[in-house]
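Below is one structure, written out as structure tokens, with a few remarks after it.
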Amino acid sequence: MTAPESALPSDCLAVHADGQTQRQAAHLAQDAFARVFRLSVGETDEVRHRGVGQLQGELEQWAVAGADDESRALRRALLLSGMDHWGVAWSEAFNLVAIPGLSELIGALRTGLAVRDEARFLQQFEAITRTEGNAIDFKVELRRGIHLALWHSSIATENRDQALRLAGQLGGRLLGLTREMPTVGWRLVADALAFIQIRCLADGLAAEGVGQEATQALFAALSRELPKAQREVIMAHAARAVLAWQQASRAPEQIH
């Protein structure tokens, strides 16, 4: 991999939230979305409201733990941005009109902010998308989680049409990333493809049936739609990651 390929864009927001904090925000947003989604589809209104209140308290505690006003505003913006991305991805993938608990949780985390705190929050929320490099560790971790969850969903269903549709949704998101994030988007695509191959090899996933067909359709669509030069870089990067995993997996056996 050449130096330009390996370089990440500069992150102007890292001064307020370092890489570890950004990755933690992505994980918290993913966990919160999963919990609030279950509350929305499987519980009564009373249970959902109680669960949303508990989640709000947990996320609020993390958001206000920042070192200063700007850090606290950015933490809140990362959480809400992450949950919003999950909500959009799942709504599109499963044709959902609304996820009540998610709307309630996002609203609760903004309600009651003082005027200055609201202004800081909005500035940081906008800054996340202002440039590709801003909050880059958060963006990478967040999208990795969404991509892998969509793939797992596509191979978990026994309904062929749904499996292929979910694989198509994932493929569309991966292709969109190469346009949305021209510097690092290709790396996220390669990362997703490498993980899928590793999970198939390690756990025997998508070895047959609908899961296999959906996975093959995903790879075929990306091979067909990606520009040739970009496709070659992505596939080569993914192949190196899989090879490195295979070598690391064999290392303990060689020691014995």
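The 3J(HN,Hα) values that the Karplus relation (6.51, -1.76, 1.60; θ = phi - 60°) gives for the stretch 179-193 are, in residue order, 8, 5, 10, x, 7, 10, x, 4, 5, 5, 5, 4, 4, 5, 5 Hz. Gly and Pro appear as x.
Over all orientations, the stretch 134-255 has a Cα convex hull whose mean projected area works out to 8.1 square nanometres. Relative protection proxy for 109-116, 76-83, 179-186, from highest mean packing down: 76-83, 179-186, 109-116 (other beta-carbon atoms within 10 angstrom). Among 44, 178, 157, which one shows the highest mean-square fluctuation when the chain is modelled as a Gaussian network with alpha-carbon springs under 10 Å? Comparing 44, 178, 157 in a Gaussian network model of the chain, the most mobile one is 44.
Per-peptide packing, taken as the mean over residues of other Cβ atoms within 10 Å, places 217-227, 85-95 in the sequence 85-95, 217-227 from highest down.
As a fraction of the 1.4 Å probe accessible area of the chain, surface on carbon and sulfur atoms comes out at 53 percent. Once all protein chains are placed together, residue 161 keeps about 110 Å² accessible to a 1.4 angstrom probe. The string of couplings for the stretch 23-31 from the Karplus curve (6.51, -1.76, 1.60, θ = phi - 60°) is 5, 4, 4, 5, 5, 5, 5, 5, 5 Hz, one whole number per residue in order, with x for Gly and Pro. Relative contact order, whole percent, for the chain stands at 20, derived from Cα pairs under 8 Å and 6 or more residues apart.
Could you grab the Rg to Rh ratio for the stretch 14-130? Cα atoms only, Kirkwood for Rh.
0.97
Computed per residue of the chain from DSSP H runs no shorter than four, each worth -39500 (n - 2.57), the mean residue ellipticity at 222 nm is -27500 deg cm²/dmol.
Accessible area ranking (1.4 Å probe, heavy atoms, ligands and nucleic acids excluded), largest first, for 234, 198: 198, 234.
Mean sequence separation of contacting Cα pairs (under 8 Å, at least six apart), scaled by the length of the stretch 14-130, corresponds to a relative contact order of 34 percent.
Gyration tensor over the Cα atoms of the stretch 167-219: the corresponding equivalent ellipsoid has semi-axes (square roots of 5 times the eigenvalues, largest first) of 23, 13, 5 Å.
Peptides 53-65, 28-40, ordered by how many other C-beta atoms sit within 10 Å of their residues on average, highest first, read 28-40, 53-65.
Pairs of C-alpha atoms in the chain farther apart than 28 Å represent 41 percent of all such pairs.
Along the axis of the charge dipole computed for the chain (Cβ charges of +1 for Lys and Arg, -1 for Asp and Glu, origin at the Cα centre), the listed residues 67, 123, 201 are led at the positive end by 201.
May I ask for log10 I(q)/I(0) of the stretch 40-105 at q = 0.24 Å⁻¹, from a Debye sum over the Cα atoms as equal point scatterers with solvent left out? Log10 of I(q)/I(0), two decimals: -1.04.
3J(HN,Hα) couplings calculated from phi for the stretch 91-98 with the Karplus curve 6.51 cos²θ - 1.76 cosθ + 1.60 (θ = phi - 60°) are, in sequence order, 5, 5, 5, 10, 6, 8, 6, 7 Hz; Gly and Pro show x.
The values are calculated or read from the model by the stated rules, or taken from the named source; none is laboratory data. Owing to the predicted nature of the structure, the values given are computational and were not obtained by experimental measurement. All Cβ positions, even for glycine, are placed from backbone atoms using ideal geometry, and neighbour counts span all protein chains on display. To get the accessible areas, we keep the full protein, side chains included, count just its heavy atoms, and leave off ligands, DNA and RNA. Shrake-Rupley method; radii C 1.70, N 1.55, O 1.52, S 1.80 Å.
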